[in-house]
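Some notes on the structure that comes next.
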Amino acid sequence: VIRSTVLGSGSYLPATCLTNEDLAKKVDTSDEWIVQRTGIRQRHVAAEGEYTSDLAFNAAEAALANAGIKAEDIDLIILATATPDNTFPATAVQVQHRLGINHGFAFDIQAVCSGFVYALTTADMYLKGGLAKRALVIGAETFSRILDWEDRTTCVLFGDGAGAVVLEAREGEGTVEDRGILTAHLRSDGRHKEKLYVDGGPSTTQTAGHLRMEGKEVFKHAVGMITDVIEDAFEATKLSAEDLDWFIPHQANKRIIDASAKKLGIAPEKVVTTVDLHGNTSAASIPLAIDTAVRDGRVKAGDLVMLEAMGGGFTWGSVLLRW
Ligand code: ACO
């Protein structure tokens with residue numbers, strides 16, 4: 001069987017970092033409130049003239065270097081984002097161009113915070129189907145551009161950034177000992193649109209709009225949805241929480257992460273948390289967390305890693321892979 005095996009990872013954060021204290025000068029909030037409710041201490045924000053494609057390109061270059069392969073060896077680029085440079089063309093095609101690639105194909109995926117999990121799953125299908133041999137999967141966002149900076153209930157939660165992984169189609173034995181993506185489970189349910197959405201767009205207002213969220217409502221659904229798709233992954237592979245080496249969740253909120261890990265019986269020392277440093281970077285949060293844990297030596301070849309995300313739509317999903 002073909003396994004989509006990870007060759008390397010990379011990430012990029014814009015230089016400007018805003019602490020909770022910095023935000024408290026703009027809106028009526030405090031470091032104490034933000035840390036207590038979310039675990040967030042700081043977030044990075046793109047500079048004027050710095051776009052999602054720039055963050056994505058930098059993360060992609062770092063991932064290629066880490067994987068030890070050249071850009072020309074990539075024949076598929078999937079970029080997950082809810083904040084593309086332009087309505088079209090796809091930001092992925094701009095990244096392809098900047099990498100100097102003009103063979104193969106590139107496209108964007110829009111599943112908000114679940115974007116990276118959707119993109120990995122999609123890349124896995126293309127590799128398994130034989131349509132591509134090596135894929136660059138990127139999550140990149142500039143949420144600072146769609147925040148209402150006067151709304152303290154949302155503007156303190158999000159940040160900008162990008163992360164990427166390189167996948168290669170390799171032959172595996174078809175067992176859970178194989179390196180690569182072992183199983184993926186995606187879900188969505190449009191009944192929840194009003195709980196988390198952007199109040200603009202090309203077809204409705206002809207403006208980019210601003211993020212709107214009923215935080216409490218999102219929180220109420222998050223843990224149940226996350227744990228459901230993780231249990232689906234365990235059932236499909238006959239693996240359990242004890243078998244995991246690392247749990248790398250979407251980084252929205254420390255309370256959601258901790259509650260999910262506790263409900264699943266995942267030991268706290270196996271949980272990779274970067275929300276304190278990055279805030280919620282939507283589709284970029286998982287590859288940013290992955291790259292953090294790869295570079296500090298936690299995640300190593302052969303480790304069993306569970307990824308999960310939940311976000312606007314709602315969309316949610318899990319990917320279980322052996323690094
Ligand atoms: N600073 C100070 N006070 C604030 C702030 C702020 N930044 N924001 C809200 N408050 C106030 C509210 O006005 C309210 O005041 P009131 O009681 O006088 O009306 C009080 O704090 C409590 O507000 P709640 O909304 O009830 O606070 P809650 O405990 O629900 O925490 C939060 C809010 C952090 C948004 C939480 O609901 C949450 O994390 N939800 C999940 C949302 C999320 O992570 N979404 C990300 C996208 S989806 C995903 O990625 C999973």
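The values are calculated or read from the model by the stated rules, or taken from the named source; none is laboratory data. Remember, predicted model here, so these are calculated numbers, not experimental data. Backbone-built Cβ (ideal geometry, glycine too); neighbour counts: all protein chains shown.
Counting the residues of region 228-252 that are buried (at least 18 other Cβ atoms within 10 Å of the Cβ) and over 17 Å from Ile181 (Cα atoms) gives 3.
When residues of region 153-167 are filtered for being assigned to a loop (DSSP other than H, G, I, E, B), within 8 Å of the ligand (Cβ to nearest atom) and within 14 Å of the chain's Cα centre (by Cα), how many remain?
Residues meeting the conditions: 0.
The single condition among (1) under 17 Å from the mean Cα position of the chain (by Cα); (2) assigned to a strand (DSSP E or B) that Leu18 does not meet is (1).
Applying the condition of being within 13 Å of the ligand (Cβ to nearest atom) and more than 19 Å from the chain's Cα centre (by Cα) to region 194-212 and asking which residue is surrounded by the fewest Cβ atoms within 10 Å (Cβ to Cβ) yields Arg212.
Check Val299, Val305 and return the single one that is away from the ligand (no atom under 14 Å from the Cβ), assigned to a loop (DSSP other than H, G, I, E, B) and either at pLDDT 95 or above or not polar (S, T, N, Q) (or both). The conditions single out Val299. Selection of region 240-258 for residues being touching a Leu at 6+ places or on another chain (Cβ under 7 Å) and more than 16 Å from the ligand (Cβ to nearest atom) yields Ala241, Asp243, Leu244, Asp245. Cβ-Cβ distances below 7 Å connect the following pairs, each with a first residue in region 57-78 that is within 16 Å of Ala283 (Cβ to Cβ), a second residue that is in a helix (DSSP H, G or I) and of a type outside the set (Gly, Ala, Ser), and a separation of six or more residues or different chains: Phe57/Val95; Phe57/Arg98; Ala60/Val95; Ile77/Val95; Ile77/Gln96; Ile78/Thr122. Of all residues in region 29-51, those that are in contact (Cβ under 8 Å) with a residue 40 or more places away in the chain have Cβ atoms under 9 Å from Cβ atoms of residues that are of a type in the set (A, V, I, L, M) and assigned to a strand (DSSP E or B), 6 or more apart or on another chain, in Gln42/Leu18; Arg43/Leu18; His44/Leu18; Val45/Leu18.
When Thr91, Thr87 are checked against the criterion of being among the hydroxyl-bearing types (Ser, Thr, Tyr) and in contact (Cβ under 8 Å) with a residue 60 or more places away in the chain, a single residue qualifies: Thr87. A search for C-beta distances below 6 Å between a residue of region 210-227 that is farther than 12 Å from Gly317 by Cα and modelled with pLDDT of 95 or more and any residue that is within 9 Å of the ligand (Cβ to nearest atom) and outside any helix (DSSP H, G or I), counting only pairs 6+ apart in sequence or on different chains, returns Met213/Leu196; Val218/Leu196.
Taking the listed residues Leu136, Leu127, the one that is part of a strand (DSSP E or B) and either touching a residue at least 60 places away in the same chain (Cβ under 8 Å) or at positive phi (or both) is Leu136, with no other qualifying. Candidates Lys216, Lys128: the one that is under 30 Å from Lys25 (Cα atoms) and out of contact with any Gly (no Cβ under 9 Å at 6 or more places or on another chain) is Lys216.
Residues in region 258-274 that are of a type outside the set (Val, Ile, Thr) and crowded, with 20+ Cβ neighbours inside 10 Å: Ser260, Ala261. One residue stands out in region 213-227 among those that are assigned to a helix (DSSP H, G or I) and among the aliphatic types (A, V, I, L, M): the one that is surrounded by the most Cβ atoms within 10 Å (Cβ to Cβ), namely Ile226.
Of everything in region 79-91 that's touching a helix residue (DSSP H, G or I) at 6+ places or on another chain (Cβ under 8 Å) and away from the ligand (no atom under 16 Å from the Cβ), which residue is farthest from Ala47 (Cα to Cα)?
Leu79
For Arg255, the stated conditions do not hold, so it cannot be described as in a strand (DSSP E or B), in contact (Cβ under 8 Å) with a residue 40 or more places away in the chain and surrounded by 14 or more Cβ atoms within 10 Å (Cβ to Cβ).
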